[in-house]
1. Can you find, within region 69-84, the residue that is farthest from Tyr12 (Cα to Cα) among those that are in contact (Cβ under 8 Å) with a residue 60 or more places away in the chain and surrounded by 14 or more Cβ atoms within 10 Å (Cβ to Cβ)?
2. Can you tell me which residue is most open to solvent (accessible area, probe 1.4 Å) among those in region 33-52 that are at pLDDT 95 or above and over 12 Å from Phe78 (Cβ atoms)?
3. Quick check on this structure: which one of Ser25, Ser10, Ser66 is open to solvent by 70 Å² or more (accessible area, probe 1.4 Å) and small (Gly, Ala, Ser)?
4. Counting only residues that are part of a strand (DSSP E or B) and open to solvent by 50 Å² or more (accessible area, probe 1.4 Å), how many does region 53-63 have?
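The values are calculated or read from the model by the stated rules, or taken from the named source; none is laboratory data. Please read all numbers here as calculations on a predicted model, not as lab measurements. All Cβ positions, even for glycine, are placed from backbone atoms using ideal geometry, and neighbour counts span all protein chains on display. Protein only, heavy atoms only, side chains kept; ligands, DNA and RNA dropped before computing areas. Shrake-Rupley method; radii C 1.70, N 1.55, O 1.52, S 1.80 Å.
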Amino acid sequence: MVIDGDAKISQYSKKSNLHSFRIKSNGGATIVDNTFYFPGWTAKIDSKEVPIEFQNILYRGLIIFSLPKGDHFVTVVFREKGVH
């Protein structure tokens, strides 16, 4: 869901550990994936990992990330991390 900026999401697919979608932003946007953050989740825009913010006061605990202007393919993926 777009929570700030001008963007339109299309071709959305959501499985338990993989969310993917196309998104077009006309000037940058902030996106929230309605998933609670836990170590192991990553967000990628056009295959490049981007920082996840999960301490937003209005969406605390949810996966949030910034999207630059343009047409993009986004994936939000969970991969279990081993115990070290």
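1. Once the filter is applied, the top-ranked residue is Phe78.
2. Only one residue tops the list, namely Lys48.
3. Checking each option against the conditions leaves just Ser66.
4. Within region 53-63, residues that are part of a strand (DSSP E or B) and open to solvent by 50 Å² or more (accessible area, probe 1.4 Å) number 1.
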